[in-house]
Amino acid sequence: MKGYELRFAIMPLLALSTALPLHAQTPPGNSAPRLTAIVDPIPAAADRNFEGVITLDVDASLITRGIVEVQERVPVTRPGPIYLLYPKWIPGDHRPSGSIDRLAGLQITANGKKLGWRRDTVDASAFRVDVPAGVTVLTIEFQYLSAPSSLFTPQMLRWSSLLLYPAGYFVRDIAVQAALRLPDGWTGASALSSGPIGSTASFDTVPLDTLVDSPVLTGRHIKSLDLGANVSLAAAGEKEEQLTVSPKQLEGLRSLVEQADRLFGARHFDRYAFLVSISARNGGTGVEHHRSSENYEDDAFFTSPDENPDAQTILPHEYAHSWNGKFRRPADLWTPDYRTPMQDDLLWVYEGQTSFWESVLAARSGLLSREMILGRFASLAATYMEAQPGSRWRSLQDTTAEPLIFRGSSPSPSWQRDFDFYTEAALLWLDVDQLIREQSAGKRSLDDFARAFFGPRDGDWGEVTYDFDDVVAALNAVARHDWGSFLRRHLEQTDGTAPVDWIDRGGYRLVWRDRPNSYDLAVDKADGITDYTHSIGLTLGAGNKVASVLWDGPAFKAGLSPRTTLVSVNGVPYSIQVLEDAIRSAASTRQPIVLGAKDEDGEHDFSIEWTGGLRYPWLEKAVKGIAPLDRTLSPLPR
Ligand SMILES: [Zn+2]
């Protein structure tokens with residue numbers, strides 16, 4: 001429909017709508033309820049001192065049976081209603097991920113008498129208790145339940161799952177004294193303690209936000225490593241032998257600490273503990289804290305560090321968050337308690353720039369080779385240049401809403417582009433870095449921004465908040481440019497383009513070869529994937545199953561979907577060799593590639609139009625000598 005036709009088509013409708021009564025949609029005679037206004041009875045967080053100290057006893061001795069017993073004593077100063085809150089918006093998760101579904105057996109008593117409680121009808125993480133006269137302390141007991149596990153599986157105790165706190169206060173104003181009991185023979189590590197934690201521990205009184213920010217890694221086998229300068233690493237694994245660290249990896253981790261100090265020029269912690277949980281079940285994730293980080297790595301993390309390059313970027317990522325995310329935090333993401341909603345619109349700085357630093361610090365520290373990081377950048381650039389069609393409808397800015405949207409899996413990631421505020425934003429920061437280097441003739445870079453923006457106030461482990469304009473002002477202090485327009489254009493555009501000017505500015509070019517670069521090769525192997533995204537537009541997983549189909553790609557257009565299993569190629573029984581030979585020869589025969597695939601409905605042939613051969617992205621140096629991008633990846637001198 002053309003514009004003018006649309007105008008005429010709409011006019012009669014407009015005329016009609018003004019002539020109808022207000023409740024045009026309700027047929028006469030139908031019942032029509034009136035709105036019941038929601039009144040929030042729970043007091044908002046206020047910056048005032050909480051009188052007294054909450055004592056929190058956590059008994060995790062039955063944790064392998066999936067039971068943690070909590071007993072808590074909360075001082076109260078007057079009779080009447082109070083609200084006790086279970087943490088809901090968890091820092092680092094960027095969403096209301098609190099584990100209220102795991103809380104059971106809640107009992108609240110005072111002076112030996114059981115008190116009733118009632119859950120709020122709007123906020124299921126809030127409990128109202130009417131405090132009788134003469135009561136000075138409430139005793140709260142509940143269990144935190146989880147799936148039973150082996151006696152040897154490491155566990156991460158997150159205090160946010162193990163307490164209730166009174167509504168009406170900033171959590172930094174509530175003092176808590178916690179004690180912990182672990183299973184016999186288990187030990188633990190946490191930023192709460194400068195040394196190892198035995199099977200029972202009593203911690204110093206700390207503000208509630210510090211406690212929640214200080215998880216405890218615990219298990220049967222724990223190994224501690226000193227990374228120098230008050231930074232340690234505690235690793236817990238199912239088996240002792242999973243915790244053997246090679247001298248090269250240890251050197252890389254120590255160098256990571258050094259390189260971060262040189263980059264940021266200040267620290268926002270007194271001591272720092274990498275808490276590394278090693279298990280075959282871990283997928284490679286992490287959660288940041290001010291003085292520690294949760295790092296969930298698979299069982300090859302220490303023993304075969306070259307096996308999965310992405311796994312090696314988790315520690316640099318979480319460490320960089322101590323500066324970017326914990327110390328400097330978006331003003332609307334910072335919340336005074338765990339009930340106030342977090343707003344995620346600046347996650348392209350919080351997570352995006354951290355994703356930039358994870359690669360840069362991994363390269364500078366030697367945790368990953370420069371070749372590996374260049375392969376990673378090539379892979380990301382290629383994805384956003386031609387294999388993320390979702391950028392035609394969804395802006396990078398809009399992806400920052402994903403923590404509130406995501407429900408565990410995305411049916412079509414290339415079209416939904418769920419968490420691109422990590423990876424595409426990392427490319428955006430590469431663009432910023434290379435633009436600063438070009439404009440300053442190599443004298444300045446994003447390092448200068450990092451030092452100025454994340455570095456001030458050595459030793460301060462509070463939070464300093466910022467907004468979009470603060471980011472622009474800090475960039476302008478490094479190199480004058482219309483950064484506001486530059487960033488907004490990249491954040492808001494939906495034209496399918498990607499921030500890849502850094503490739504040319506950085507002295508490289510993206511080229512296509514018929515075999516994967518070393519990064520893609522390693523990651524695909526670790527993930528059990530064979531990747532044809534940039535040729536026929538699909539990836540294959542275990543058992544020849546189609547793992548993903550690129551939206552609008554050749555396989556997609558032929559009608560293939562991820563639930564199918566490949567059985568033949570051009571009539572010949574399927575093997576990787578047969579498929580790759582067929583993709584290669586179609587480049588000269590110009591004939592479609594016919595894939596036989598089966599699903600529960602039977603076997604079908606899919607005719608794929610693709611004559612471009614096998615294609616994998618590489619970054620190739622386009623200049624002689626040291627390129628600007630090489631400088632980004634070079635270790636900072638002392
Ligand atoms: Zn992160």
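The residues of segment 45-214 expose on average 42 square angstrom of accessible surface per residue, using a 1.4 Å probe on protein heavy atoms.
Can you compute the label reach from Ser369? Point 7 Å from Cα along the Cβ direction, backbone N cut-off under 19 Å, restricted to segment 246-263. Inside the label zone: 246-253.
The order of the peptides 80-90, 192-202 by mean Cβ neighbours within 10 Å, most packed first, is 80-90, 192-202. The angle between the Cα long axis of helix 576-589 and the main principal axis of the chain comes to about 40°, on a 0 to 90 degree scale. Remark on Leu115: its backbone amide H falls under 5 Å from those of Ile108, Thr109, Ala110, a criterion applied only to residues 5 or more positions apart or on other chains, H modelled at 1.01 Å from N.
Converting phi to 3J(HN,Hα) with the Karplus coefficients 6.51, -1.76 and 1.60 and the offset θ = phi - 60°, segment 590-602 yields 6, 9, x, 9, 9, 9, x, 9, 10, 9, 5, 8, x Hz in sequence order, with x at every glycine or proline. Here the accessible area of the chain is 53 percent carbon and sulfur, with a 1.4 angstrom probe and all protein chains present. In the chain, the DSSP beta bridges split such that about 75 percent are antiparallel, to the nearest 5. Computed from Cα positions, the angle between helix 518-527 and the longest principal axis of the chain comes to roughly 60 degrees.
Give me the angle, in degrees from 0 to 90, between the Cα long axis of helix 468-478 and the longest principal axis of the Cα atoms of the chain, rounded to the nearest 10. That helix lies at roughly 70 degrees to the long axis. Dipole of segment 535-614 computed with +1 at Lys/Arg Cβ and -1 at Asp/Glu Cβ about the Cα centre; of Ala582, Leu595, Ala542, farthest Cα towards the positive end is Ala582. Assuming charge only on the beta carbon of Lys and Arg (+1) and of Asp and Glu (-1), the dipole of segment 535-614 about its Cα centre is about 180 debye to the nearest 20. The spacing between segment 138-171 and segment 44-98, judged by their C-alpha centroids, is 8 Å.
Taking 0.36 nm per residue of separation and subtracting the Cα-Cα distance, what length does fully extending Ser31 through Ser485 add? Don't jump to the answer; show the numbers that get you there.
Details: separation 454, 0.36 × 454 = 163.44 nm, distance 5.22 nm.
Computed gain between Ser31 and Ser485 is 158.2 nm.
Between Asp460 and Asp130, the contour length at 0.36 nm per residue exceeds the Cα-Cα span by 114.9 nm. In a reduced charge model with +1 at each Lys and Arg Cβ and -1 at each Asp and Glu Cβ, the chain shows a dipole moment near 480 debye about its Cα centre. The calculated FRET efficiency for the pair Val511 and Arg631, based on their C-beta separation and a Förster distance of 25 Å, comes to about 0.70. Farthest towards the positive end of the charge dipole of the chain, among the residues Ser31, Gln439, Trp323, is the Cα of Ser31, using unit charges on the Cβ of Lys, Arg, Asp and Glu.
Please report the spacing between the Cα centers of segment 325-355 and segment 505-571 in Å, no decimals. About 34 Å separates the Cα centre of segment 325-355 from the one of segment 505-571.
Probe of 1.4 angstrom, ligands and nucleic acids ignored: what's the accessible area per residue over segment 440-563, in square angstrom? All intermediate terms of the calculation are to be shown ahead of the outcome.
Working: 5810 Å² over 124 residues.
The answer is 47 Å² per residue.
Calculated mean residue ellipticity at 222 nm for the chain: -8500 deg cm²/dmol, from DSSP H runs with n ≥ 4 weighted as -39500 (n - 2.57), summed, divided by the residue count and rounded to 500.
Where in the chain lies the longest segment free of GluC sites (Glu not before Pro) that are both loop residues by DSSP (not H, G, I, E, B) and have at most 16 other Cβ atoms within 10 Å? Walk me through the numbers on the way to the answer.
On the way: sites that count: Glu51, Glu307, Glu600, Glu609.
Counting at most 16 other Cβ atoms within 10 Å as exposed, the longest clean stretch of the chain is 308-599.
The values are calculated or read from the model by the stated rules, or taken from the named source; none is laboratory data. Keep in mind that this is a model prediction, so the values were computed, not measured. Reconstructed Cβ throughout: ideal geometry from the backbone, glycine too, with neighbour counts over all protein chains shown. SASA here: full protein model, heavy atoms, side chains in, ligands and nucleic acids out. Shrake-Rupley method; radii C 1.70, N 1.55, O 1.52, S 1.80 Å.
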